[in-house]
Amino acid sequence: MRKLLNRLFWVVLAVVVAGYGVIIWWFHAHETELIFSPDREFRVAADSLGLQPARVTVFATDGVRLVGRVYRSMRPDSAGFWILYFHGNAGNATGRAMLHAGLLRLGFNVLVAEYRGYGESGGSPDEEGVYRDADAFYAY
């Protein structure tokens with residue numbers, strides 16, 4: 001009886017370890033899909049909020065074309081105050097137009113960066129690519 005319980009313990013342990021390994025492998029294989037949720041649909045037109053963004057195009061070091069928006073504050077004392085805004089891992093920047101309007105009201109100029117695979121930008125998102133995108137918009 002003791003031998004049977006000992007063997008059952010090792011079989012159960014092996015199944016649990018193998019199952020855990022499969023789960024870890026699955027998360028590793030799908031990591032990019034789980035982190036990035038790009039969206040190319042326009043949510044809120046900035047024009048409807050009275051904003052007039054200028055569309056800018058920059059290129060990442062690997063040649064991916066990126067599209068962003070520049071919102072210039074109407075306040076005369078805001079010439080040197082800029083915010084480089086990255087919208088996060090889901091959706092796209094057009095869904096955050098209300099936030100951009102609020103930043104403008106505070107007197108900031110805003111450069112809204114759109115990562116690769118989001119909005120009008122080309123490419124597909126991945127960790128290294130997002131770093132390149134951030135560098136390209138910062139250089140702009």
Descending packing, highest mean Cβ count within 10 Å first, for 95-103, 55-63 is 95-103, 55-63
Stretched fully, the stretch from GLU128 through ILE23 gains (0.36 nm per residue minus C-alpha distance, one decimal, in nm) 35.4 nm
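From Cα pairs below 8 angstrom and at least 6 apart in sequence, can you work out the relative contact order of the chain, rounded to a whole percent?
Values: 211 pairs, mean separation 38.4, N = 140.
Once normalised by length, the contact order is 27 percent.
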Between (1) 12.7; (2) 13.8; (3) 12.1, the structure-derived mean projected area of the Cα convex hull in nm² is (3)
For 80-88, 13-21, ranked highest to lowest by mean beta-carbon neighbours within 10 Å, the order is 80-88, 13-21
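Suppose we keep just the DSSP beta bridges with both residues in the chain; what percent of those would be antiparallel, to 5? Write down the numbers at each step before the final one.
Working: 9 of 16 bridges.
The antiparallel fraction comes to roughly 55 percent.
With a 1.4 Å probe and every protein chain kept in, tell me what percent of the accessible surface of the stretch 70-111 is carbon plus sulfur.
Details: 1480 of 2260 Å².
On the stretch 70-111, the fraction of accessible area on carbon and sulfur atoms equals 65 percent.
Hey, can you find the accessible area per residue of the chain for me, probe 1.4 Å, expressed in square angstrom?
Working: 9290 Å² over 140 residues.
It amounts to 66 Å² per residue over the chain.
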Farthest towards the positive end of the dipole of the stretch 87-140, among ALA93, GLY107, TYR138 and with Cβ unit charges of +1 on Lys and Arg and -1 on Asp and Glu, lies the Cα of GLY107
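The values are calculated or read from the model by the stated rules, or taken from the named source; none is laboratory data. It should be emphasised that the depicted structure is a prediction, and the values quoted were computed from it without experimental measurement. Using ideal geometry, Cβ is built from the backbone for each residue, glycine included, and neighbour counts are taken over all protein chains shown. We work out accessible area using only protein heavy atoms, side chains counted, and drop any ligands, DNA or RNA first. Shrake-Rupley method; radii C 1.70, N 1.55, O 1.52, S 1.80 Å.
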